[in-house]
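Accompanying notes for the structure given below.
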Amino acid sequence: MRCLVTGATGYLGGRLVPRLLAEGHEVRCLVRSPEKLRDVPWAADVQIVRGDVLDDLDKAMRDVEVVHYLVHSLQSKDFADADRKAAENTARAAERAGVRRIVYLGGLHPAGVELSPHLASRKEVGEVFLRSTVQAVVLQAAVIIGSGSASFEMLRYLTERLPVMVTPRWVHNRIQPIAVRDVLRYLVEATTLENQNRTFDIGGPDVLTYLQMMLRYAEVAGLPKRRVLPVPLLTPGLSSHWVNVVTPVPRSIAKPLIESLVHEVVCRENDIREVLPGENTGYDKAVELALTKIRDADVETRWSGATLPGSPSEPLPTDPGWSGGSVYTDDRERRTNATPERLWEVVEGIGGERGWYSFPLAWAIRGWMDRLVGGVGLRRGRRDPQRLYVGEALDFWRVEEIERGKLLRLRAEMKVPGKAWLELRVAADGGHGSTYRQRAVFVPKGLAGHLYWAAVWPFHGIVFGGMVRNIANEAELHKNFRKS
């Protein structure tokens, strides 16, 4: 089949594409930023088209037989309206192109209750596809258990960091979680599913409360027994603030996830097993598989791979005149006796568990300040401890560009009154050593931006100066260690 995958840079889309290829399908990816797919292992095996589901899709749909629709506007303020228009635009384009089938992953939801805005929007998108003249397979899942998913990260950090768990009322609602491998299997097999125009509830074999999921996670992870402290007045809104504090998942994502759990989400039918038979993975096994992937640094995609609304999309300005005004920079460099290869290892390994090589308290405080105003903070970490790819999240930065062995450019996604970048460069010095160059760039927005730069400037000598010195020293330690 000739498939078009929307959302190929997202958590599920980035995993679906290689599985479609493995089954022999031809794949075209519709992405707003094609450069985000530059470093993925399967980039050379797909056709990449720049575009957006709100734009003209005729070119992207040409000769396509199946559309996999895996995009939604979870964090934007007008997400419901945007999702409706995007789905209607996609459905019309599919009709014009003669597409045979649309495969969409929505959210599992109960009947007869007032749904959260997030779930109501997912339901509406599915209905848009089902009303079109193109056959639609709408899969509906609850909590997805898999390494890197936002739902799993929320569950994991709540359980691991809280020996005494503060539990609101909604944790006693029943849920039917499903392993990400089973979701992907259904998405792949639905590609060739004939004569179906309907929704299918999909779930794993276990029906548990969220509290049971946390307690069983602790058992699988080998954690001491968790204690439970019920707090009935902890609403979904307050719970999302709590998740924002305890886990890497920011409130903007945690809130819709929690709101989808205030009612029981259990499959009302299991018809999918008749048309796509197969054994699904149990909850404990799904947790074990996810933890193994994390321990082995083998996480394919993460929830943080999606770019946050409001984040700067422009590349780093090479000319201060680009902004039409002021551009503030902080340039530093240091020579080291380490080889360029050793220095690059340190540069590419920055962030996450290794930190930022200067004044950890200052970085931690900046991360907490960002979380308090609804930002992502420092705790997104990194997907792989050794290697970075264009487009992925790195703490409160986004990897904008990599020239392997030479340049790492990061774009800030913390909340600041302007746009910020950090460049880390490695160069051979003509002898046996290398030179490390570091450049911070800030493009202010209004008076607040200028005041912000003035406020943080006194700390640059400590933070950025310390980074340059410590990164060079770390590279030399690597050099000396390997020699010995």
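Between the range 427-447 and the range 7-71, the C-alpha centres lie 35 angstrom from each other. Computed from Cα atoms, the angle from the helix 210-220 axis to the main principal axis of the chain rounds to 60 degrees. Rounded to the nearest 10 Å², what accessible area does residue 28 show when all protein chains are kept and the probe is 1.4 Å? In the full protein context, residue 28 sits at about 40 Å². Listed by chain and number, the aspartates and glutamates whose C-alpha is less than 14 Å from the C-alpha of residue 59, apart from same-chain residues fewer than 8 away, are 95. Highest mean packing first, where packing is the average number of other Cβ atoms within 10 Å per residue, the peptides 387-400, 196-209, 327-340 line up as 387-400, 196-209, 327-340.
Site pair residue 341 and residue 428 shows an inter-label distance of 1.2 nm when each label is modelled 7 Å from Cα along Cα→Cβ. Accessible area ranking (1.4 Å probe, heavy atoms, ligands and nucleic acids excluded), largest first, for 240, 252: 252, 240. Among the listed pairs 36/406; 255/406; 255/285, which are separated by more than 29 Å between their Cα atoms? In this structure, 255/406 lie more than 29 Å apart at Cα. The alpha-carbon of residue 445 sits under 12 angstrom from the alpha-carbon of none of the aspartates and glutamates, leaving out residues fewer than 8 places away in its chain.
Cross-link reach is defined here as a Cα-Cα straight distance under 12 Å, omitting same-chain residues fewer than 8 places apart; for residue 293 the aspartates and glutamates meeting it are 384. Here the range 178-286 has an Rg and Dmax of 17.0, 50 Å, counting Cα atoms alone. Averaging Cα coordinates gives a centre for the range 372-399 and one for the range 449-477; these two points are 19 Å apart. A Cβ-based charge dipole, computed about the Cα centre of the range 179-220 with Lys and Arg at +1 and Asp and Glu at -1, lands at about 80 debye. Using 0.36 nm per residue and subtracting the Cα-Cα separation, the extra length available between residue 85 and residue 447 on full extension is 126.7 nm.
Average accessible surface for the chain: 44 Å² per residue, computed with a 1.4 Å probe over protein heavy atoms with every protein chain in place. For the pair residue 229 and residue 157, label points projected 7 Å from Cα toward Cβ lie 2.0 nm apart.
Pairwise inverse Cα distances across the range 368-455, averaged and inverted, put the Kirkwood hydrodynamic radius at 14.5 Å.
On the basis of the beta-carbon distance and an R0 of 25 Å, residue 63 and residue 95 show a calculated FRET efficiency of 0.95. Taking all protein chains as they are arranged and a probe of 1.4 Å, the heavy atoms of residue 285 leave approximately 100 Å² accessible to solvent. Extension gain, residue 55-residue 1: 0.36 nm per intervening residue step, less the Cα-Cα distance, totals 17.0 nm. I'd like the FRET efficiency for residue 331 and residue 297, computed as 1/(1 + (r/R0)^6) with the beta carbon distance as r and R0 of 35 Å, rounded to 0.05. My answer for the efficiency is 0.60. Kindly state, to the nearest 0.05, the FRET efficiency for residue 169 paired with residue 372, given R0 = 22 Å and r defined as their beta-carbon distance. Step by step, r from the Cβ atoms, then E = 0.30. Taking the protein heavy atoms of the chain in the context of the full set of protein chains, the accessible area attributed to carbon and sulfur is 52 percent at 1.4 Å.
Peptide packing for 215-222, 140-147, 63-70 was compared via the average number of neighbouring C-beta atoms within 10 Å per residue; ordered from the highest value, the list is 140-147, 63-70, 215-222.
The values are calculated or read from the model by the stated rules, or taken from the named source; none is laboratory data. Just so we're clear, the structure is a prediction, and the values are computed from it rather than from any experiment. Cβ sites come from the backbone with ideal geometry, for glycine too, and all protein chains shown count toward neighbours. All accessible areas refer to the heavy atoms of the entire protein, side chains included, with ligands and DNA or RNA removed. Shrake-Rupley method; radii C 1.70, N 1.55, O 1.52, S 1.80 Å.
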